[in-house]
Amino acid sequence: MIARIPYFARILAVLLVQLFALGWMVFDRAQIIERGAEIRLPARPVDPRDLFRGHYVRLGYDISQLRLPLVGGNDDFKRNDPVYLLARRGGDGRIEPLSVHHEPPNAGPDQVVIAGRVTASMENLPTVTGSDEPPCPTPCPSLSVSWGLERYFVPKQDAKRLEELQRAGQLEILAAVGSDGRVAIKGLIVDGELVYEEPLF
Amino acid sequence: MIDMFDGLYRRRLLRDLPGWREKGWVTSDGATAIRAELAAAPAAIRAPAIIAFLGAVLLAFAAMTFVAANWNDIARPLRFGLLAGAMAAAYLVAWWLMRRGHELFADAAVLVGTAAYGAAIMLVAQIYHIEARFPDGVALWGFGALLAAWLLESRTALMLAIAILTYWSGLETAEYGWRLHWPFLFAWVAFIAVIETGWRSDARSWPTARHLIVLSGLIWDAVTLISLANQGRQIDLAVLSLAVPLLAFGWALAWLLLAARSPRLNAYGAVLCPYALAGLLATLFLLQFADDGSYLWPWWIGVTFTLALASAALSLAASRRGLLGKGDAAAIGLVALAALPAALLQKWSGGTANDVTILVLWAVPILLAAVWSAAMGQQRRHRASLTIGLIAFGAEVVYLYFETFGTLLDTALFFLLGGLLLMALAALLYRLHRRLAVAAGDGGQTGAARP
């Protein structure tokens, strides 16, 4: 049955479908960057010595660890569970976490929903020194969440310049949030200035 | 490169010629003519061709190493293009090889193309910082491989697709929160559809495909059952012990398929039967070790009995065609209940039951089931059943020995007696197998019943 179609046509069909699947991966992400709501997140490099020097930079955010008693919403998460953060989005793009959910909640005006995945759930997470967070009553069930923003690579020609800038000031990530909550890194902001913008393709 | 085999053929031909002449297949003039022709052909290996080929391989490696070393400095669209190019090259080579008639090599090239597709998925995600769910990427690869298997009638792509998609389902169940990953069933039906409807009939006759499909289904069953039995820190042994009647049902189903009129269904039955039987006895054996759980689900006894009855009913239907006897139908019904005695005692006694009693309540059904399997194998000329039964019997006896005498005897004495017992057991089982297998081997393979 299949053998009646010429082999070349069948090979071409398989190749095209597989390439289309790859292209769809890229296009899907480009859509988020192009159309998504922009938010700004202060970023803490996890390994400051290698910032922008190696292949990947690992970044941590305030929302990377969520203390459930301080953030409202559901509180029974297991590893690899999806988690949706409802946050208020200010005019400058900075966000304020409101609550976490198992299912995507409805977002009102000036609100965004960000989708992530629980990487670990623990208790009594130590507070970051110098942060002005209210104390969390023990036990303090907490989640480590991966939002899709934790690893980033910058091309070699930009790496040195960005490292100098980052040493001089505060690094923030400009991210785009799609309608289904998925986020993608759109650019890098140092001291309030957009210093690098991610190309679409 | 394929011409390299000509030398072997030539030497073989020269060796065979005298024999053909003796048998009168070739006249003496003919043999002389053949020898003359062979002598005229260049017998030496073409060195320049081989050197050129090795040079090409080195260049290819140089190109790959260069790309890998400077991967991150290449512009992103170009990186995507390189990956696409690698895939296209592999598939093009497959087409070219198929045109030359080298089906097996073409199949290997399709495998390379499909593997390149998987690598491309991973690398594209890395290039563009796509942080999606890992199982989704695996599924994208697996279904792409399945498409290649279907359209190109590629055996290697089908093997890859079955392996990847089974792993996908296991991953979703074990790590990503699925209790019963039913989307896998669509993939499983697709496997069957690919070989039974898409492929040409001579490609379809590849028996390994059906083995892989049945195995993949059984693996999914096992993973799903364990997932359903998982209650956080405890295991619901009621759900886990359902594996026994389920596999008994599978065995009965296999015989029903064997009794069907369609040869394709027969083929699936022939594959399922030994796996179901082996799984059944293995599960009974392994359940003896499960003691960190309780029997929680309230309906498990009823479901066990229902499945046992269903197994017996299916076997009766198969016995109508003469493949099984009514005794076998009754036997499988009882074997389906084999996990119950020990389980019921453990449940009703609330964990206070005597260890020896539990041991006996497991051992007796297992030994009886093993003996039945061996006897049925001998009677029905089904060698697999015979072997499985004997192995299960031997394993259980060894286990019983360890459990009963392990604590009583001094270590050295324990090992001495154990060694002697093992050797005696091995000798006994070997002679039993020889005797029964000889009897089972007369007159054919599976299923032919003797009145």
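The values are calculated or read from the model by the stated rules, or taken from the named source; none is laboratory data. In this text, all values refer to a predicted model and were calculated from it rather than measured experimentally. Cβ placement follows ideal geometry from the backbone for every residue including glycine, while neighbour counts extend to all protein chains displayed.
Within the stretch A:1-11, being facing chain B (nearest Cβ under 8 Å), surrounded by fewer than 16 Cβ atoms within 10 Å (Cβ to Cβ) and part of a helix (DSSP H, G or I) holds for A:Ala3, A:Phe8.
Candidates in the stretch B:140-170 are the residues that are of a type in the set (Ser, Thr, Tyr) and in a helix (DSSP H, G or I); of these, the one that is farthest from the other protein chains (Cβ to nearest Cβ) is B:Thr166. When only residues in the stretch B:317-328 that are part of a helix (DSSP H, G or I) and within 13 Å of B:Leu253 (Cβ to Cβ) count, which is nearest to the chain's Cα centre (by Cα)? The qualifying residue nearest to the chain's Cα centre (by Cα) is B:Ala318.
Among the candidates B:Phe105, B:Phe143, single out the residue that is at pLDDT 90 or above and among the hydrophobic types (A, V, I, L, M, F, W, C). Just a single option satisfies the conditions, and that option is B:Phe143. Being of a type in the set (Gly, Ala, Ser), surrounded by 10 or more Cβ atoms within 10 Å (Cβ to Cβ), more than 24 Å from B:Gly7 (Cα to Cα) and within 14 Å of another protein chain (Cβ to nearest Cβ) holds for only one residue in B:Ala62, B:Ala89, and it is B:Ala89. Under the condition of being assigned to a loop (DSSP other than H, G, I, E, B) and either basic (Lys, Arg) or modelled with pLDDT under 80 (or both), the residues counted in the stretch A:150-190 number 6.
Matching residues to (1) at pLDDT 90 or above; (2) basic (Lys, Arg):
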position: B:Leu185; (1), (2): yes, no
position: B:Phe191; (1), (2): yes, no
position: B:Ser205; (1), (2): no, no
position: B:Arg210; (1), (2): yes, yes
position: B:Ser227; (1), (2): yes, no
position: B:Phe249; (1), (2): yes, no
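Checked against (1) within 12 Å of another protein chain (Cβ to nearest Cβ); (2) surrounded by fewer than 21 Cβ atoms within 10 Å (Cβ to Cβ); (3) in contact (Cβ under 8 Å) with a residue 40 or more places away in the chain, B:Ala84 passes all but a single condition, namely (3).
Within the stretch B:215-247, the set of residues being crowded, with 18+ Cβ neighbours inside 10 Å and among the charged types (D, E, K, R) comprises B:Asp236 only.
Applying a threshold of 8 Å to beta carbon distances and a minimum spacing of six or more residues, or different chains, the list of pairs starting in the stretch B:141-167 at a residue that is on the phi > 0 side of the Ramachandran plot and ending at one that is buried (at least 22 other Cβ atoms within 10 Å of the Cβ) and not hydroxyl-bearing (Ser, Thr, Tyr) reads B:Glu153/B:Trp199.
When you check B:Ser319 against the structure, is it touching a Lys or Arg at 6+ places or on another chain (Cβ under 8 Å) and either within 23 Å of B:Leu257 (Cα to Cα) or modelled with pLDDT of 90 or more (or both), yes or no? Yes, satisfied. Looking at B:Ile235, is it away from chain A (no Cβ under 14 Å), assigned to a helix (DSSP H, G or I) and not basic (Lys, Arg)? So B:Ile235 does not fit the description; no. Listed by first and then second residue, the pairs with beta-carbon distance under 8 Å, at least 6 apart or on different chains, first residue in the stretch B:13-37 and of a type outside the set (A, V, I, L, M), second in a helix (DSSP H, G or I) and loosely packed, with under 13 Cβ neighbours inside 10 Å, are B:Arg21/B:Ser28. Residues considered: B:Ala331, B:Ala338. Of these, the only one that is under 26 Å from the mean Cα position of the chain (by Cα) and within 30 Å of B:Pro298 (Cα to Cα) is B:Ala338.
This table checks each residue for (1) surrounded by 14 or more Cβ atoms within 10 Å (Cβ to Cβ); (2) in contact with a His (Cβ under 6 Å, 6 or more places away or on another chain); (3) modelled with pLDDT of 85 or more; (4) in a helix (DSSP H, G or I).
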site	(1), (2), (3), (4)
B:Ala49	no, no, no, yes
B:Leu54	no, no, yes, yes
B:Val57	no, no, yes, yes
B:Ala68	no, no, no, yes
B:Trp96	yes, no, yes, yes
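Please go through the stretch A:13-43 and give me each residue that is more than 17 Å from A:Pro199 (Cα to Cα), part of a helix (DSSP H, G or I) and aliphatic (A, V, I, L, M), ordered by number. Those that are more than 17 Å from A:Pro199 (Cα to Cα), part of a helix (DSSP H, G or I) and aliphatic (A, V, I, L, M): A:Ala13, A:Val14, A:Leu15, A:Leu16, A:Val17, A:Leu19, A:Ala21, A:Leu22. Taking the stretch A:82-93 as the range and being modelled with pLDDT of 90 or more and surrounded by fewer than 16 Cβ atoms within 10 Å (Cβ to Cβ) as the test, only A:Arg88 passes. Look at the stretch B:117-131: where a residue is within 7 Å of chain A (Cβ to nearest Cβ) and a partner is polar (S, T, N, Q), sitting 6+ places away or on another chain with Cβ atoms under 7 Å, you get B:Tyr117/A:Gln18. Which of the residues that make up the stretch B:111-129 are out of contact with any Leu (no Cβ under 7 Å at 6 or more places or on another chain) and either assigned to a helix (DSSP H, G or I) or surrounded by 19 or more Cβ atoms within 10 Å (Cβ to Cβ) (or both)? B:Val112, B:Gly113, B:Ala115, B:Ala116, B:Tyr117, B:Gly118, B:Ala119, B:Met122, B:Ala125, B:Gln126, B:Ile127, B:Tyr128 - these are the residues of the stretch B:111-129 that are out of contact with any Leu (no Cβ under 7 Å at 6 or more places or on another chain) and either assigned to a helix (DSSP H, G or I) or surrounded by 19 or more Cβ atoms within 10 Å (Cβ to Cβ) (or both).
Every condition in (1) free of Cβ contacts under 8 Å to residues at least 60 places away in the same chain; (2) more than 24 Å from A:Glu172 (Cβ to Cβ); (3) in contact with a Ser or Thr (Cβ under 8 Å, 6 or more places away or on another chain); (4) within 14 Å of chain B (Cβ to nearest Cβ) holds for A:Gly73 except the one numbered (4).
So that you can scan it fast, the table gives a plain yes or no per residue for (1) facing another protein chain (nearest Cβ under 10 Å); (2) modelled with pLDDT of 95 or more:
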{"residue": "A:Val17", "(1), (2)": "yes, yes"}
{"residue": "A:Gly23", "(1), (2)": "yes, no"}
{"residue": "A:Glu34", "(1), (2)": "no, no"}
{"residue": "A:Ala37", "(1), (2)": "no, no"}
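Selection of first residues in the stretch A:1-22 that are under 15 Å from B:Gly198 (Cα atoms) and of second residues that are hydroxyl-bearing (Ser, Thr, Tyr) and surrounded by fewer than 16 Cβ atoms within 10 Å (Cβ to Cβ), restricted to Cβ pairs under 9 Å at least 6 apart or on distinct chains, gives the following pairs, ordered by first then second residue: A:Met1/B:Thr197.
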